[in-house]
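Below: the structure, in structure tokens.
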Amino acid sequence: MPVTSPLFSLRTRIAAVSSGALLLCGGLAAAPAVAAPAPSGSTGTVSIAQIQGTGDETPLKGQTVTTEPSVVTAVYPGDPGTLGGFVIQTPGTGGHVDTSRASNAVFVYTGATQSTVSVGDRVQVTGVAGEFKGLTQLAGNVEVTPARDKLPAVKPVTNNWASTAANRENLESMLYLPKEKFRVSDTYGVGRYGELGLSAGKELPAQPTQVARPNSPEARAQAQRNDAISVTLDDGTNRGFAASPTQEPRQVPYLTPENPVAMGDTARITAPVIVDYRFDKWRLQPTAPVVPGKEPARFSGSADPKPGVGGQVRIASFNVLNYFTTVGEDKGCRGGNYSTDGTYNVAQGCDVRGAFDRADFER
């Protein structure tokens with residue numbers, strides 16, 4: 001990734017505080033771009049690899065650190081439901097890497113404060129090193145200072161995904177562009193969370209107990225294999241897509257009515273992504289919130305034809321789970337599943353499990 005962005009002229013101080021699942025942030029101020037003394041309790045200038053370490057947590061947890069000059073590789077605005085921060089990586093790192101060595105990238109959490117950096121900027125960042133639900137980050141009173149020296153470009157990591165299983169922590173937050181093909185292994189989350197499950201190579205994950213008896217060596221080996229080949233392709237946000245009284249509906253990424261995505265489809269990562277860890281899963285995040293039509297992946301139909309089984313028996317099914325003749329509106333229920341026409345269509349908060357009103361019952 002060429003480092004061509006112009007230097008920004010002000011040092012930016014960003015206050016961000018995280019407490020459990022509640023993320024709050026402070027204001028934004030600017031000061032002249034001059035070298036600042038190390039804060040009290042600071043470790044001084046350190047490499048990103050020193051911040052990351054090779055264990056599950058940063059060895060500098062709770063300490064205020066200042067990074068060496070680094071390159072911004074991803075930016076996520078501080079809008080509601082976004083990741084609220086940016087990623088920096090050590091200049092010149094990437095390519096085919098030794099995964100036994102510490103990651104050379106780290107996430108900088110800025111919360112709802114709109115960051116002034118752009119992809120390609122050269123910066124030094126001061127913040128408190130820590131962990132948030134498994135992801136190493138810099139947070140607290142984050143200070144961003146432009147670096148004026150020319151820096152080598154960052155290169156995406158190219159290692160095959162399954163080969164990184166034993167040391168995946170050491171790829172955390174690094175830019176990534178694999179050459180291999182993936183297959184779509186899970187479509188459940190795409191409509192709600194904008195995410196797709198992928199598996200590396202030609203193999204799809206299999207239930208361990210489909211392969212062998214529970215707790216057998218063969219079943220445990222299959223579970224490990226599933227972990228090795230699986231990853232979630234995300235959309236760079238934490239937002240949903242359905243309409244609500246306070247949010248307009250958004251277009252779901254990665255699929256259209258003309259080009260649906262199905263289990264077994266081939267997937268290829270076509271633009272650099274960030275190796276990320278959130279909600280207990282390894283993820284590939286685009287370098288900015290994804291824009292439908294500009295996703296960092298392309299899909300093609302499965303190469304596996306559906307077998308014709310022949311025979312004289314056909315089985316059909318119909319889901320009547322929520323088909324109840326009583327409608328919620330008549331029983332004082334709350335409405336659920338907000339629709340774009342300004343109405344609710346499912347009963348909630350009461351014993352009625354069907355439609356909210358008569359029109360939706362008929363539909």
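The values are calculated or read from the model by the stated rules, or taken from the named source; none is laboratory data. Quick caveat, the model's predicted, so the values are computed rather than measured. Neighbour counts run over all protein chains shown; Cβ positions are idealised from the backbone, glycine included. These area figures cover heavy atoms from the full protein model, side chains too; ligands, DNA and RNA do not enter into them. Shrake-Rupley method; radii C 1.70, N 1.55, O 1.52, S 1.80 Å.
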Condition first: within 24 Å of V190 (Cα to Cα) and in a strand (DSSP E or B). Can you find one or more residues in the range 311-325 that meet it? no
Just checking, does the range 208-215 include any residue being at pLDDT below 95 and within 19 Å of the chain's Cα centre (by Cα)? no
Among the residues of the range 235-285, how many are buried (at least 21 other Cβ atoms within 10 Å of the Cβ), at pLDDT below 95 and of a type in the set (S, T, N, Q)? 1
With respect to V157, determine if the residue is more than 29 Å from P292 (Cα to Cα) and either out of contact with any strand residue (DSSP E or B) (no Cβ under 6 Å at 6 or more places or on another chain) or modelled with pLDDT of 95 or more (or both). no
I'd like the residue in the range 53-95 that is of a type in the set (D, E) and within 22 Å of the chain's Cα centre (by Cα) and, out of all such residues, is most open to solvent (accessible area, probe 1.4 Å). D56
Within the range 216-275, can you find the residues that are closer than 29 Å to D79 by Cβ, of a type in the set (A, V, I, L, M) and in a loop (DSSP other than H, G, I, E, B)? A242, A243, V252, L255, V261, A271
Please determine, by comparing only the residues of the range 338-363 that are part of a strand (DSSP E or B) and in contact with an Asp or Glu (Cβ under 9 Å, 6 or more places away or on another chain), which one is surrounded by the most Cβ atoms within 10 Å (Cβ to Cβ). A347
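Restricting to the range 27-67, count the residues that are modelled with pLDDT of 90 or more and in contact with a strand residue (DSSP E or B) (Cβ under 6 Å, 6 or more places away or on another chain). Break it down into steps so the answer makes sense when it comes.
First pass over the range 27-67, keeping only residues modelled with pLDDT of 90 or more: 45-67.
Cutting the leftovers down to in contact with a strand residue (DSSP E or B) (Cβ under 6 Å, 6 or more places away or on another chain) gives us 45-46, 48, 51-52, 57-58, 60-61, 63-67.
Adding up the residues that qualify gives 14.
Can you find, within the range 254-271, the residue that is nearest to Q207 (Cα to Cα) among those that are of a type outside the set (V, I, T) and without any contact (Cβ under 8 Å) to a residue 60 or more places away in the chain? It would help to see each step written out before you state the result.
Residues of the range 254-271 of a type outside the set (V, I, T): 254-255, 257-260, 262-265, 267-268, 271.
Among the residues that remain, those that are also without any contact (Cβ under 8 Å) to a residue 60 or more places away in the chain are: 257-260.
Values: P257: 30, E258: 31, N259: 28, P260: 25 Å.
By that ranking, first place goes to P260.
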How many of the residues making up the range 150-199 are within 22 Å of A74 (Cβ to Cβ), assigned to a strand (DSSP E or B) and touching a helix residue (DSSP H, G or I) at 6+ places or on another chain (Cβ under 7 Å)? 2
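On the basis of being modelled with pLDDT under 90 and either aromatic (F, W, Y) or under 24 Å from the mean Cα position of the chain (by Cα) (or both), does Y338 make the cut? Please lay out each step first, then the result.
Numbers: modelled with pLDDT under 90: yes; either aromatic (F, W, Y) or under 24 Å from the mean Cα position of the chain (by Cα) (or both): yes.
Criteria met by Y338.
Select from the range 105-130 the residues that are in a loop (DSSP other than H, G, I, E, B) and of a type in the set (S, T, Y) and write down the one among them that is farthest from G92 (Cα to Cα). Lay out the reasoning, then the answer.
To start, the set of residues in the range 105-130 that are in a loop (DSSP other than H, G, I, E, B) comprises 110-121.
So of that shortlist, the ones also of a type in the set (S, T, Y) come out as 110, 113, 115-116, 118.
On the way: T110: 25, T113: 29, S115: 24, T116: 23, S118: 18 Å.
Residue satisfying both the conditions and the ranking: T113.
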For T145, which of the numbered conditions (1) open to solvent by 40 Å² or more (accessible area, probe 1.4 Å); (2) part of a strand (DSSP E or B); (3) under 16 Å from I88 (Cβ atoms) fails to hold? (1)
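Please go through the range 254-270 and give me each residue that is out of contact with any helix residue (DSSP H, G or I) (no Cβ under 8 Å at 6 or more places or on another chain), of a type outside the set (G, A, S) and under 18 Å from P292 (Cα atoms), ordered by number.
As a first pass, look at the range 254-270 and keep what is out of contact with any helix residue (DSSP H, G or I) (no Cβ under 8 Å at 6 or more places or on another chain): 256-260, 262-270.
Subsequent filtering for residues that are of a type outside the set (G, A, S) retains 256-260, 263, 265-266, 268-270.
Answer for the range 254-270, where residues must be out of contact with any helix residue (DSSP H, G or I) (no Cβ under 8 Å at 6 or more places or on another chain), of a type outside the set (G, A, S) and under 18 Å from P292 (Cα atoms): T256, P257, E258, N259, P260, R268, I269, T270.
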Quick test of your reading of the structure: S118 fulfils all but one of (1) among the polar types (S, T, N, Q); (2) surrounded by fewer than 17 Cβ atoms within 10 Å (Cβ to Cβ); (3) under 17 Å from T64 (Cβ atoms). Name the failing condition by number. (3)
A careful count of residues in the range 98-107 that are surrounded by fewer than 24 Cβ atoms within 10 Å (Cβ to Cβ) and either closer than 15 Å to A153 by Cβ or in contact with a Pro (Cβ under 6 Å, 6 or more places away or on another chain) (or both) gives 0
